[in-house]
Structure formats: structure tokens, C-alpha cells
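Engineer: Sharing a structure here in C-alpha cells format.
The values are calculated or read from the model by the stated rules, or taken from the named source; none is laboratory data. The structure presented is a predicted model; accordingly, all values stated were derived computationally and were not measured. All Cβ positions, even for glycine, are placed from backbone atoms using ideal geometry, and neighbour counts span all protein chains on display. To get the accessible areas, we keep the full protein, side chains included, count just its heavy atoms, and leave off ligands, DNA and RNA. Shrake-Rupley method; radii C 1.70, N 1.55, O 1.52, S 1.80 Å.
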Amino acid sequence: DVKCVYIDPPFNTGGDGFIYKDMYQHSSWLSMIYHSSSLARDLMRSDGAFLASIDDNEFAEMNLCLEMLFGSRNKIGELVIIRAEGGASKTSS
């Protein structure tokens, strides 16, 4: 059984230079996240941890999806990292 799962799904921002598919339609993105997270859950130990990176664009949907899969009582919390005020695409001069 798996003790820890970490996912870093596509952020649906487009033009970010990553080689995986980006710009999913919302329902397709959510289906992909639900399906892959469900498979991961089935492989995890009962005391395992599931971690995910996500930005503000899809946070609410990811949170709802994970609560459906793991139950809201199993959520420990959120860690917010601000890389650049106003978003990662903003540059300073």
C-alpha cells in the first residue's frame, strides 16, 4: 500500500511551456482529477496522506473533489504559498 500521494495537475492556464495537455474544459479537468485521485485513494494505506498543488483557479473544485473522495473529516488543512503578489505571471521591474 502507498503511504503518500502527491499530485501536481495541469493548472489550466495555457501557454506555460509544460509538455502535458493544458486548457482542459472545466468538466474534463474535474473528471480527470476525480478519476486519478480515486485510483490513488484505492492504492493508499488507511493512514496515508494525499497532497495536491493547485492555484486559485481550480482550488474550490479540487477541494470539493477531495472531500467527496476522502471525506471532509480527513482534511488536515491548506498551505498557501504566494510566489508573486497578483499571481505567478506578474514580474517586478
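Engineer: Checking Ala84 against (1) among the aliphatic types (A, V, I, L, M); (2) open to solvent by less than 100 Å² (accessible area, probe 1.4 Å); (3) closer than 14 Å to Val5 by Cβ, which single condition isn't satisfied?
Structural biologist: Only one criterion is unmet by Ala84, namely (3).
Engineer: If you don't mind, there's one more thing I want to ask. I need the full set of residues from segment 43-76 which are exposed (fewer than 10 other Cβ atoms within 10 Å of the Cβ) and either touching a residue at least 40 places away in the same chain (Cβ under 8 Å) or on the phi < 0 side of the Ramachandran plot (or both), in order please.
Structural biologist: If the condition is that a residue be exposed (fewer than 10 other Cβ atoms within 10 Å of the Cβ) and either touching a residue at least 40 places away in the same chain (Cβ under 8 Å) or on the phi < 0 side of the Ramachandran plot (or both), then Ser46, Asp47, Asp56, Arg73, Ile76 are the ones that fit.
Engineer: Name every residue in segment 10-42 that is within 16 Å of Asp56 (Cβ to Cβ), modelled with pLDDT of 60 or more and surrounded by 16 or more Cβ atoms within 10 Å (Cβ to Cβ), in order of residue number.
Structural biologist: Pro10, Phe11, Trp29, Leu30, Ile33
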